[in-house]
Amino acid sequence: MKRILFFTALLSFLLACKARKESSLPKIYLQDTVDIFSSNWKSQYRPSRQRKFDLLHTKLDIRFDWQIQQVIGKAYLTLKPYFYPEDTLVLDAKSFEFREISHITGTGNEPLKYEYKNNGVYIALGKDYNRTDTIRLYIDYIAIPSKQGGQGSWAISDSKGLYFINADGSEKDKPKQIWTQGETENSSCWFPTIDAPNERMTQEIYLTVDTGFVTLSNGLLVYSKDNGDGTRTDYWKQSVPHAPYLAMIAIGNYSIVKDNWRGMEVSYYVEPEYENYARKIFGNTPEMIEYFSNRIGIPFPWEKYAQVTVREFVSGAMENSSATVHGEFVQRNDRELLDETYEDYISHELFHQWFGDLVTCESWANLPLNESFATYGEYLWREYKYGRDDADQHLDEDLANYLREARRKKVDMIRYDYSDKEDMFDSHSYSKGGRILHMLRNYLGDEAFFSALKLYLETHKFSSVEIHDLRLAFEKITGEDLNWFFNQWFLAKGHPELAISYAYDDSMKTVSVIIGQLQDTKKFPAYRLPIDIDIYAGGKTERHKVVIEDVISSFSFKVVRKPDLVNFDAEKILLCVKLDLKTDDQWIFQYYNAPLYADRSEALDHFSNGERNIPADLFIDALNDKNHDLRIRAIESMNKIYPEKKNTVVAKLTDLALHDENANVRATAVQALSDLSVTAEEPMTDDEKSNLEKVFKTALNDRSYSVTGEALASVARLNPSIAVNITKPFEDETNENILLAVARIYSNYGTVEQAEFFRNKIATLSDHKKTYLLQEYAAYLLNQDDETINKGLPLLEEFARNEKIWWRRMKGIEMIEDVYDEYERRETEMTGKLGKSGKSSPEHENLKKHLEAIKQQKDHVRSLLTSIMNDEKDPRVKMISRNN
């Protein structure tokens, strides 16, 4: 009893503390995934769009002027008043020119008066129409999407709606393309519409393009007509309704690779050089469709499913109904697929076809009804295809992503007071939402969970929803009032912060678990948390179901002996931060005996985060863990046990580097060996280094580019004298892992001779590859003379001024700032040398001239930065610049 009272008193003290140091909770090391510059918060209500009209059907006949990047269109809209009589229709139309707006009647077109202002066209219909009337409009227009564009969000970086890529064909290594991105409300950049997620329309699109192009849109390709003038018109028709933001077109030079699912076309549009890899990239799609259809109980709801890759996409991917758009990064050859498949993108966008497309959030405040489900779709596919261990690893990454964001931002999941609709595209809507759905599934059980999803989709198909529609579906299936769950997770902010302690009473043969909720309950809920607690004793495991409902909760269980382990939240489903006060021996027992990925992950984290002594045998064993992520984390801790287990560590890492089935494990093992070769407390002998060099050279022949890249860098690091020569044969590789390895070697060891490599490569690259290479080029320049730096600055300036995506321009500015810092360092160094030299000596005059040249260079770079920042329009870039 004394120990129970001690921990209860401790938890009471912790709860009474208004300010707690961050170190009182376990450190979590995460990757930044979100834009940290959201708009200023404003407390105001953001309602769903009022529905004055119901847009029934949209027919478009469009062609394109590539030279001036305009859409030349004719729109035929069918609408009716939603409920009340209306005499004026307002359509969203951003940066349009109108040539005619008419009412289509049985006797011809009757011109209508209209006023165009504030990116909307106000059409006077001439009389009141009621909800039984159908109105057909003809609109002859020109859309100029290049006049649009805004900040977007971390998920969608721009808002032009329609994009011309390499419109004039001047970039010889880049294809000409047109593609669209409608989310959030940007379809109105290329056709007039009611651009709101709670609207629904069927559609027809006639696309007139040069005969050399391939087109894609929603629905089915009904026919293609050669116009005899070098152009062709493709007619696409979608007969089932969807939200206007899901309308899409893509035009370019594509190879089409076709699969099928239950007789329905499943197709992949890729650039011709990737035609032979299309099935390796997307080939699991038919199986995914079958699995999701069966799991949800609703067959795939659209007329076909296509996936297309585009250049310079403003998002990762987009789930347009029946036609998903992916960024070009998913195009990979067979060697690149060893390193990354991007299958999570494919499953995410496919699951959207049900959650987001078939049933759509009625307002952006309810975006988690789209994105949380799509994120959880990634988990479901992994669980089915690769097993729970793999899926749980991914779920752990979702938690990490959310907690990273939660350090600066805790908001309600469903929130009507956002400052900008783009703010909804964050790790709350994605990662936190996926974890919440996983908790709900665990609480209800699979049968109830998936039955409720089926009911939800059947009830609301081809319509829009809010969060309570989802709750009511679950309540109808289960018969349970679930307001408590939805209120604390979807309609409140924050997450539990838990401290868990344990006490064993030998005389009473009881073990107690004491849980304290440490979050500020004035700001955040005191959560109700149904969980499982597993007690391991005498070779047996006993599970107890409990519900945490108080700020401090205590549960006692009868046992026959002192437990080896009490495993709190045995299914590892809680979205929380926790301080779990187990002993080292209990953590070790948990790694070896508890069944889940998260059990083993928590055990490794306990020892690797912080300054604890790492149990060498545990981490050596973890090198053989069935989960590749845990093998990698064990590898990353080998430096801590190397002095104790030198020979074993090197042998194990060598085996992993050359033979592990996972390319990322092999690459990490190569890197770890490289680190040990130069940073170990006990230096390696020449023979040991020679053996490692043989390992690295063997790894140069690995099929995986990431392994080859790490091996190349490791050889250079181990033997700098051969770094440049061993790297030259890889200069023509286009894979980014190899390209960056070459660039990093040259930035560290290169001379003026390598400047041409950088300039030539940068001229041929675009998008993220160009960004990465420029960063290495900037690092290279810092080690070069003034002449080489001056030749390189224009490349950095061009990128900082003209790159389309704001954060890439920001990176360009940071590169130039690094050059400025380097000149400041050189100025300080030269000033010191000058002070030590004799004033009358020839050396003094040379140093003085050199110092003056450095100052001039520094002033030039400062002026360049000032000019760039003065011309920059995006406030996010201005905010972050060190020299602003």
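The values are calculated or read from the model by the stated rules, or taken from the named source; none is laboratory data. Small disclaimer: the values here were computed from a predicted structure and weren't measured. Note: ideal-geometry Cβ built from the backbone for every residue, glycine included; neighbour counts use all protein chains shown. Note: areas computed on protein heavy atoms with side chains; ligands, DNA, RNA excluded. Shrake-Rupley method; radii C 1.70, N 1.55, O 1.52, S 1.80 Å.
If I compute percent of Cα pairs over 42 Å apart from the structure I just sent, which labelled value in (i) 44; (ii) 33; (iii) 39 lines up? Given (i) 44; (ii) 33; (iii) 39, the structure-derived one carries the label (i).
Does segment 488-636 come out rounded, prolate or oblate, given a ≥ b ≥ c as the square roots of the eigenvalues of its C-alpha gyration tensor, rounded meaning a/c under 1.5 and, failing that, prolate meaning a/b above b/c? Oblate is the answer for segment 488-636, as a/c is 1.5 or above yet b/c matches or exceeds a/b.
In whole angstrom, note down how far apart the Cα centers of segment 495-509 and segment 91-120 are. With segment 495-509 and segment 91-120 each reduced to a Cα centre, they are spaced 70 Å. Straight-distance candidates among the aspartates and glutamates for linking to LYS432, with alpha-carbon spacing under 12 Å and chain neighbours fewer than 8 residues away dropped: GLU371, ASP396, GLU397, ASP398, GLU405, ASP412. For segment 685-822, a crude dipole built from +1 on the beta carbon of Lys and Arg and -1 on the beta carbon of Asp and Glu, taken about the Cα centre, is about 520 debye to the nearest 20. Entry note: segment 215-350 has Rg to Rh equal to 0.96, where both radii use alpha-carbon atoms and Rh is the Kirkwood radius. Overall, the accessible surface of segment 246-317 at a probe of 1.4 angstrom is composed of carbon and sulfur to the extent of 40 percent. Ranking ASN260, SER677, CYS361 by Cα position along the charge dipole of the chain, where only Lys, Arg, Asp and Glu carry charges on their C-beta atoms, puts CYS361 farthest toward the positive end. Annotation for GLU787 and MET264: the two label points, set 7 Å from Cα along the Cα-Cβ direction, are 6.5 nm apart. Could you work out the relative contact order of segment 751-884, using alpha carbon pairs under 8 angstrom and six or more residues apart, expressed as a whole percent? For segment 751-884, the relative contact order is 23 percent. Rounded to the nearest 20, the Cβ-based charge dipole of segment 552-592 about its Cα centre (Lys and Arg +1, Asp and Glu -1) stands at 180 debye. In this simple spin-label model, placing a label point 7 Å from the Cα along the Cα-to-Cβ direction at both LEU220 and ASN802 gives a separation of 4.6 nm. The relative contact order of the chain, computed from alpha carbon pairs under 8 Å that lie at least 6 residues apart in sequence, is 8 percent. Only helices at least 18 Å long along their own axis, judged from Cα atoms, and with Kyte-Doolittle mean hydropathy of 0.5 or greater: name those in the chain from DSSP H. TM-like helix candidates: 2-16, 663-679, 705-718. Here the Karplus relation 6.51 cos²θ - 1.76 cosθ + 1.60, evaluated at θ = phi - 60°, turns the backbone of segment 306-317 into coupling constants of 10, 10, 10, 9, 9, 7, 6, 5, 8, 8, x, 6 Hz, with x for every Gly and Pro. Magnitude of the charge dipole for the chain, about its Cα centre and with charges confined to Cβ atoms of Lys, Arg (+1) and Asp, Glu (-1), is about 1740 debye. A crude spin-label estimate for the pair LEU581 and ILE722, with each label 7 Å from Cα along the Cβ direction, gives 5.7 nm. Normalised per residue, the accessible area of segment 500-628 is 43 Å², obtained with a 1.4 Å probe and no contribution from ligands, DNA or RNA. Amide H to amide H, with H built 1.01 Å from N, SER267 comes under 5 Å of ASP259, TYR305, ALA306, GLN307, counting only residues 5 or more places away or on other chains.
The overall shape of segment 282-437 is rounded: from the C-alpha gyration tensor, with semi-axes ordered a ≥ b ≥ c, the ratio a/c is less than 1.5. For segment 592-742, the share of accessible area belonging to carbon and sulfur comes to 43 percent (1.4 Å probe, ligands and nucleic acids excluded).
Classify segment 697-852 from the C-alpha gyration tensor, please: rounded if a/c falls under 1.5, else prolate or oblate depending on whether a/b exceeds b/c. In terms of gyration-tensor shape, oblate.
Between ASP446 and SER841, the contour length at 0.36 nm per residue exceeds the Cα-Cα span by 133.6 nm. Extension gain, ARG407 to THR828, is 147.8 nm, computed as 0.36 nm per intervening residue step minus the present C-alpha separation. The residues of segment 288-357 present an accessible area of 21 Å² per residue when probed at 1.4 Å with all protein chains retained. In segment 624-780, the alpha-carbon atoms span a convex hull of 115 Å³ per residue. Among ALA93, LEU864, PRO496, pick out the residue whose Cα is farthest towards the positive end of the charge dipole of the chain, where Lys and Arg carry +1 and Asp and Glu carry -1 on C-beta, about the Cα centre. Value computed over the given set: PRO496. When Rg and the Kirkwood Rh are both derived from Cα coordinates, the Rg/Rh ratio for segment 169-208 amounts to 1.11. Across the options GLN775, TYR823, THR648, the greatest Cα extent toward the positive end of the charge dipole of the chain (unit charges at beta carbon of Lys, Arg, Asp, Glu) belongs to TYR823. Hey, quick one: spin label on ARG703, modelled 7 Å out along Cα-Cβ, who in segment 280-296 has an amide N within reach, i.e. under 18 Å? Backbone N within reach: 280-284.
Annotation: lysines with alpha-carbon distance below 25 angstrom to LYS811 (same-chain offsets under eight excluded): LYS147, LYS160, LYS174, LYS409, LYS761, LYS769, LYS770, LYS791, LYS855, LYS858, LYS873, LYS878. With protein chains left intact and a 1.4 Å probe, residues in segment 729-799 average 44 Å² of accessible area per residue. Could you please state how large a percent of the accessible area of segment 396-516 is carbon and sulfur, counting protein chains only and using a 1.4 Å probe? Carbon and sulfur: 44 percent of the exposed surface of segment 396-516. Tell me which aspartates and glutamates have Cα within less than 15 Å of LYS410's Cα, excluding those fewer than 8 residues away on the same chain? Of all the aspartates and glutamates, those that pass the test against LYS410 - Cα under 15 Å, at least 8 places apart if same chain - are ASP35, ASP423, ASP426, GLU497, ASP520.
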